[in-house]
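The structure appears below as structure tokens.
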Amino acid sequence: MGKRRKYLEENLGAAWVQLTAAEIRELDARLSPGTVAGPRYTGEMMALVNR
């Protein structure tokens with residue numbers, strides 16, 4: 001089986017994952033806007049952006 005097919009099958013399997021209401025609330029709390037802070041890139045990588 002090829003690598004791409006393996007990844008496709010893994011990704012399709014994710015469609016069958018069922019989260020509980022508590023899991024969804026925890027994900028919402030941890031991933032809500034404003035909880036992630038900081039620069040997107042390091043200073044070294046920013047030097048390479050839009051060169």
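Each value in this text was obtained by applying a stated rule to the coordinates, not by laboratory testing. Here the structure is a predicted model, which means the values were calculated and not measured. Positions of Cβ are backbone-derived with ideal geometry, glycine not excepted, and every protein chain shown enters the neighbour counts.
See the values below:
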{"read-out": "Output for region 32-46, where each listed residue is in a loop (DSSP other than H, G, I, E, B) and either of a type in the set (D, E, K, R) or surrounded by 10 or more Cβ atoms within 10 Å (Cβ to Cβ) (or both)", "value": "ARG40, TYR41"}
{"read-out": "Residue in region 1-31 that is farthest from the chain's Cα centre (by Cα), counting only those that are in a loop (DSSP other than H, G, I, E, B) and exposed (fewer than 10 other Cβ atoms within 10 Å of the Cβ)", "value": "MET1"}
